[in-house]
1. Which fully enclosed strands (runs of 3 or more DSSP E) of the stretch 294-410 have 1 or more residues being farther than 23 Å from Y192 by Cβ?
2. From L8, L37, which residue is at pLDDT below 95 and under 23 Å from the mean Cα position of the chain (by Cα)?
3. For the list (1) surrounded by fewer than 22 Cβ atoms within 10 Å (Cβ to Cβ); (2) outside any helix (DSSP H, G or I), I need the number of the one condition that K265 fails.
4. Pairs please, first residue from the stretch 215-237 and buried (at least 20 other Cβ atoms within 10 Å of the Cβ) and small (G, A, S), second anywhere and modelled with pLDDT of 95 or more and part of a helix (DSSP H, G or I), Cβ atoms under 6 Å, 6+ apart in sequence or on different chains.
5. For the stretch 231-262, enumerate the residues that are assigned to a strand (DSSP E or B), touching an Asp or Glu at 6+ places or on another chain (Cβ under 7 Å), under 22 Å from Y380 (Cβ atoms) and not aliphatic (A, V, I, L, M).
6. Search the stretch 78-93 for residues that are part of a loop (DSSP other than H, G, I, E, B) and pair each with any residue that is among the basic types (K, R) when their beta-carbon atoms are under 9 Å apart and the residues are at least 6 apart or on different chains.
7. Looking only at the stretch 25-49, filter to residues that are without any contact (Cβ under 8 Å) to a residue 60 or more places away in the chain, touching a strand residue (DSSP E or B) at 6+ places or on another chain (Cβ under 9 Å) and of a type outside the set (F, W, Y); which one of those is farthest from Q458 (Cα to Cα)?
8. Just the residues that are among the hydroxyl-bearing types (S, T, Y) and crowded, with 16+ Cβ neighbours inside 10 Å, please, taken from the stretch 131-168.
Amino acid sequence: MGLPATFLWGGATSAHQCEGGWNAGGRGPCKRDYMTLDENKNRLLTYIDDAGNHCFMPLGSGSQLPEGAHYAVFDDCLYPDQEGVQFYNRYKEDIALLKEMGFKVFRMSIAWSRLFPHGNEAEPNREGIAFYKDVFTELRKANIEPLVTLWHDDTPLYLDEVYGGWQNRKLIDFFEHYANTCFEEFKGLVNYWLPFNEINNVLMFLDMFGQNPTDEMFRAAYQEMHYKFVASARAVIAAHHADANNQVGCMICGVPFYPATCDPKDIMLSHAMWEKGILYSSDVLCKGEYPTFAKRLWREHGVQLDITPEDLATIKAGSVDIYTFSYYMSSAVTTHSSNDIVGGNCTTGVRNPYLDYSEWGWAHDPLGLRYFLEKVYAQYKLPMMIVENGLGAVDTVEDGRVHDSYRINYLRDHILEMKQAVENGVNLIGYTSWGCIDLVSAGGEMKKRYGFVYVDRQEDGSGTFSRIRKDSFYWYKKVIASNGEDLR
């Protein structure tokens, strides 16, 4: 049977990890512009307190800045996201490389603060509008379909500082205005939209990084997600109103949960993790309503949502057209004690003895991709896209070449299982590998590379930003040209 002739092959990036130009063209800052790394590669936010001291705060601590403090850039610190890999200045060169590979689709994000520096302005920054119009036009000239994420972990800093970020209902209106602006300004250039990246990871991160997260942290997470659900639904409604050709998807951090043993308690834990981690968000976005088990989840942490009948009506009217998700690894969970804990991709669990792991503790589990595709498609019957999948690894340049057979092997294994899912009846319309051009990893590292194109940017901030085609570049070009048939 094979893949449909219309299958969308491509790759994915985000603005804050590749774009750079953090203070160019009228762009306002976001919190990620103030993230540095310590000697142990932990991400830290830098700020100055009310006494003028230079201070550091661990990312993910959930803490607000002390009263009177403000985010600041320190001369002796490196801020990887500020420069990314200079896509802002090199997008024509990068799009030419994507065209050479034969891309049908390119997933990228818009930096909200490039269009609205504070996030709440009435009128957009025209320089930001012009930049993205140029990018989308360049993609169209290359016959590449843009797939655009509106929010990829980069809320304008002003909205975080003044309004408290997504804990404030007012952000729904600000986001709706931003989304409407995009739909109107880029009409005819973009038809595939994703309002939020990995919308479920607010909960997933608590399990991974929370260190015994409190009920208060869970209450905040569920409230943030509700406001985002309403904002997403409003964006879906607005996109359909702006252009009947627009297709809007959810974007879920896709992690299949396995019971680590056949103990019935482990089976039930796996079931509960699927509900909380995946189905809670997916049901709201795809079915337009909270699932029956939502009240149980809320009861576990004393959640009392700020939720209105109008919210529920909006959610019902704004369900998505397609189901998109990221997939890197599976997770094994157990009720039994274990000291062999591994984690990645927004989750943590026990080591699965049947799988191999990367140096970052990520499981190599291509069968898990097929499992997720088939389980989720049976649940929602919506067209699906894999919009992130890839291998983060250390690449070495030898005589001007990068021989990344390990990446080719990883992608081949996953594409084979993806094709089997299609054979088994899943309506899969596209695949975009993550970080198709090397970018700053979510952990702030450059040595953890994903791309088909190597970027000369190093951990210490050195490098020319020159681009080198890896072996996987030529392999993926062959895969696309054969529509997934030639995977040698």
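The values are calculated or read from the model by the stated rules, or taken from the named source; none is laboratory data. From a predicted model like this one, the values you see are computed outputs, not experimental measurements. Using ideal geometry, Cβ is built from the backbone for each residue, glycine included, and neighbour counts are taken over all protein chains shown.
1. Details: elements: 322-327, 331-333, 341-344, 347-350, 384-388.
Counting at least 1 such residues, we get 331-333, 341-344, 347-350.
2. Numbers: L8 fails: at pLDDT below 95.
Of the residues listed, the single one that is at pLDDT below 95 and under 23 Å from the mean Cα position of the chain (by Cα) is L37.
3. Failing condition for K265: (2).
4. Matching pairs, first to second residue: A231/I172; A231/F175; A233/T314; A233/I315; A235/A179.
5. Correct list: Q247, G249, C253.
6. Close Cβ pairs satisfying both conditions: Y79/R32; G84/R457; V85/R457; V85/R467; Q86/R457.
7. So, considering only residues that are without any contact (Cβ under 8 Å) to a residue 60 or more places away in the chain, touching a strand residue (DSSP E or B) at 6+ places or on another chain (Cβ under 9 Å) and of a type outside the set (F, W, Y), the one farthest from Q458 (Cα to Cα) is D49.
8. Of everything in the stretch 131-168, those that are among the hydroxyl-bearing types (S, T, Y) and crowded, with 16+ Cβ neighbours inside 10 Å turn out to be Y132, T149, T155, Y158, Y163.
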